[in-house]
Amino acid sequence: MLAASLALASLGAANAASLDRTQLAQSADKAANASYREWVELLAIPNDATVPADIQKNVDWLVKAFSRRGFQARALANGDKPMVYAEFQAPGASSTPRKTVLFYMHLDGQSVTASQWAQKSPWEATLKARSSDGKWEALPLDKLYGGQVDPEWRLFARSSSDDKGPIVMFLAAFDALKAAGVEPGVNIKVLLDSEEEKGSPSLGKVIGENLEALRNDGMVIFDGPMHQSNQPTLVFGNRGIQLVQLKVFGASQGLHSGHYGNYSANPAQRMASLLASMKDDNGRVTIPGYYTPVKIDDRARKIMAAVPDDEAALKRRLGIASTEKVGANYQEAMQYPSLNVRGIVAGDVGPKARTIIPEVAIADIDLRTVPETPPETLVALLRKHIEKQGYHLVNGEPTAEERARYPKLAALTADEVSASSSAARTDLEAPVSRWLQGVMNDTYGKPPVQIRMMGGTVPTGAAVQALKSPFVIVPLVNADNNQHSFDENMRLGNYRDGIRTVMGILQTPFK
């Protein structure tokens, strides 16, 4: 809970309808200091998405944390990995109707390899500062509780940023508004996913079983990193993903390359030619109709052009001299579906290589989808393209009859697509979008970075399909947080500003 220093008099905000920009900044700073111990306590509970016992401990802790603040909080049944639901209606909600916002975060985290971390344990939060030579050096954790916190310090621990940091920011923001006498401008619902790091396979089912409780007028998702510029950021959509595997078959067994080279076709060579036929030298997919449904108007281009990407720096960081020519810039490239070869296997290489013609070549491919190009459409186009190159597609392994009849044989299999891996996008003029744009302007005195659609896939699809709700992603953490990797961290300046952002959202009526 926040200290008495957050009392109304300290902010001059007794019975305030809302806090102004200066008061938000002051209150967020105090709220951050008051919440560090709770953050460290939550980070100490392992939350590997594959360990049910750990997930249950986090669920128990979080249900109690929300309940202490006056939320109606409970676990939602989900096998051995329950989710958390919490709901709060302000005392004046009955006399002044408010819209309802569902806030989505996740309590689970990626697995860890403790030996990779530059600290005692990934579950023992470690405060660090960057030294003059650019290395991170540990500081006594007590410095975090001393009141004089450098915004450039970072707290290193698994889920410090993804996604326990935003959860505690939310709790701290709620505490701060309550201490300032500010009622929320919206009815609040919170859903904490327990399997996000596994692709949220059960999210749609859990939502379906709790549909009435979770209904809302708009969703806010606190996940993912802010723009590289570290400016307040809104993200209005994400690409989806479809995994496929392509096999090209040669002879029924590996053949001696001396005896049969120039006689029996090599499936690795054929695979290379087939993959090359799918994209040109500029990286554009050449499959007819692949990009056709995507229409980008002048308004969308203007939005994307305003994103402060430093593409020269991005190319230096990636170690590339030039980019593919799918879009005019990075943001525009993310608006189109992609076709990516994840890996190829055929025969052996290095010391294990033998002088054979391999019997099969296998390529794993991911297709990043956009709302205009659903996965089944892209798979159908890919299948048609392969057949146009002269291949007969088989199910499983080709039979002896098929081998004798067709000179070019291949198989294409597509993974089942879950709703959690679907593409989704909210129009920037939608009511929830305009509301959050206004919140950012009021909170920071300038427009946020607005990203029409990010390239990666997040499990919004299941919630969007089940609830039919518009959503906006509000990332709160530093872009260089090492999420999913070792030495995951949260910049303390981002933690403080994240509380400020959440306070601005919670206090502002959604109209």
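Using only helices, what value at 222 nm comes out for the chain when you add -39,500 (n - 2.57) per DSSP H run of length 4 or more and divide by the total residues, to the nearest 500 deg cm²/dmol? Kindly include the intermediate steps, with their values, before the conclusion.
Numbers: 16 runs with 163 residues, N = 511.
The helix contribution divided over the chain gives -9500 deg cm²/dmol.
On full extension of the chain, what length is gained from Gln245 through Lys315, given 0.36 nm per residue of separation minus the C-alpha to C-alpha distance?
Contour length minus Cα-Cα distance gives 22.2 nm.
Quick one: what do you get for region 335-383 if you divide its Cα Rg by 2.2 N^0.38 Å? Could you put the intermediate results ahead of the total?
On the way: Rg = 15.7 Å, N = 49, 2.2 N^0.38 = 9.7 Å.
Cα Rg divided by the expected 2.2 N^0.38 Å: 1.63.
Could you give the distance between the Cα centres of region 420-439 and region 217-261, to the whole Å?
Between the Cα centre of region 420-439 and that of region 217-261, the gap is 24 Å.
Sort region 274-321 into rounded, prolate or oblate with this rule: let a ≥ b ≥ c be the square roots of the eigenvalues of the Cα gyration tensor; rounded if a/c is under 1.5, and if a/c is not under 1.5, prolate when a/b is larger than b/c, oblate otherwise. Intermediate results must be reported in sequence, preceding the final value.
Details: a/c = 4.86, a/b = 1.19, b/c = 4.10.
Oblate.
Between helix 164-179 and the chain, what is the angle of the helix's C-alpha long axis to the longest principal axis, kept within 0 to 90° and rounded to the nearest 10?
Taking Cα atoms only, the helix is inclined about 20 degrees.
Rounded, prolate or oblate: pick one for region 14-129, where a ≥ b ≥ c are the square roots of the eigenvalues of its C-alpha gyration tensor, a/c under 1.5 means rounded, and failing that, prolate if a/b is larger than b/c, else oblate. Please list the in-between numbers first.
Details: a/c = 2.96, a/b = 1.39, b/c = 2.13.
Oblate is the answer for region 14-129, as a/c is 1.5 or above yet b/c matches or exceeds a/b.
Classify region 435-498 from the C-alpha gyration tensor, please: rounded if a/c falls under 1.5, else prolate or oblate depending on whether a/b exceeds b/c. Let's see the in-between values first.
Numbers: a/c = 2.27, a/b = 1.10, b/c = 2.06.
Here region 435-498 falls in the oblate category.
Work out the FRET efficiency for Asn329 and Thr22 from their Cβ-Cβ distance, taking R0 = 41 Å, and round it to the nearest 0.05.
Details: r = 36 Å, r/R0 = 0.88.
The computed FRET efficiency comes out at 0.70.
Just the Kirkwood number for region 201-314, please: inverse of mean 1/r across all distinct Cα pairs, in Å, one decimal. Can you show the working numbers first?
Working: mean 1/r = 0.0483 Å⁻¹.
Taking every pair of different Cα atoms in region 201-314, averaging 1/r and inverting gives 20.7 Å.
To one decimal place, what Kirkwood hydrodynamic radius in Å is obtained for region 79-192 from all pairs of distinct Cα atoms? Before the final figure, lay out the partial values.
Details: mean 1/r = 0.0584 Å⁻¹.
Computed over region 79-192, the radius equals 17.1 Å.
Along its principal axes, what span do the Cα atoms of region 360-511 show, with the longest given first and each in whole Å?
71, 39, 24 Å, listed from the longest principal axis down.
What does region 247-375 give for Rg and for Dmax, in Å, if only its C-alpha atoms count?
For region 247-375, the Cα-based Rg and Dmax read 19.8, 62 Å.
Whats the longest run of the chain with zero GluC sites (Glu not before Pro) that are DSSP loop and have at most 15 other Cβ atoms within 10 Å? It would help to have the intermediate numbers written out before the result.
Values: sites that count: Glu124, Glu152, Glu324, Glu416, Glu429.
So the longest stretch without any such site is 153-323.
Can you give the Kirkwood hydrodynamic radius for region 40-99, in Å, rounded to one decimal and based on Cα pairs?
Working: mean 1/r = 0.0771 Å⁻¹.
The answer is 13.0 Å.
If you average the C-alpha positions of region 440-511 and of region 113-143 separately, how far apart do those two centres end up, in angstrom?
One Cα centre to the other: 26 Å.
Beyond 18 Å, how much of the Cα-Cα pair distribution for region 106-173 remains, as a whole percent?
On the way: 1040 of 2278 pairs.
Within region 106-173, distances greater than 18 Å cover 46 percent of Cα pairs.
May I ask what percent, to the nearest 5, of DSSP beta bridges between residues of region 67-218 are antiparallel?
Details: 17 of 26 bridges.
Percent antiparallel among DSSP bridges in region 67-218 is about 65.
Could you give log10 I(q)/I(0) at q = 0.07, 0.09, 0.11 Å⁻¹ for the chain, computed by the Debye formula over C-alpha point scatterers of equal weight, without solvent?
Evaluating at q = 0.07, 0.09, 0.11 Å⁻¹ gives log10 I(q)/I(0) of -0.45, -0.71, -0.99.
Can you tell me the order of 336-343, 351-358 when each peptide is scored by its average per-residue count of other Cβ atoms within 10 angstrom, highest first? Each step should come with its number before you reach the end.
Details: 336-343: 16.5, 351-358: 13.1.
The densest-packed peptide leads the list: 336-343, 351-358.
Cα convex hull of region 314-364: how many Å³ per residue?
Details: hull volume 7.1 nm³, N = 51.
For region 314-364, the hull spanned by Cα atoms encloses 139 Å³ per residue.
Only bridges whose two residues both fall in the chain count here: according to DSSP, what percent of them are antiparallel, nearest 5? Before the final figure, lay out the partial values.
Values: 50 of 73 bridges.
Within the chain, antiparallel bridges account for around 70 percent of the total.
Sticking with the crude label model, points 7 Å out along Cα→Cβ, report the distance from Ser111 to Ala479 in nm, one decimal please.
Distance between the two pseudo-spin positions: 3.1 nm.
In square nanometres, what is one fourth of the surface area of the convex hull spanned by the alpha carbons of region 122-257? Show your work: numbers first, answer last.
Values: hull surface 70.6 nm².
Averaging across all directions leaves 17.7 nm² for the Cα convex hull.
Coordinate-derived values only; no laboratory data. Given the structure is predicted, the values throughout are model-derived calculations rather than measurements. Cβ sites come from the backbone with ideal geometry, for glycine too, and all protein chains shown count toward neighbours.
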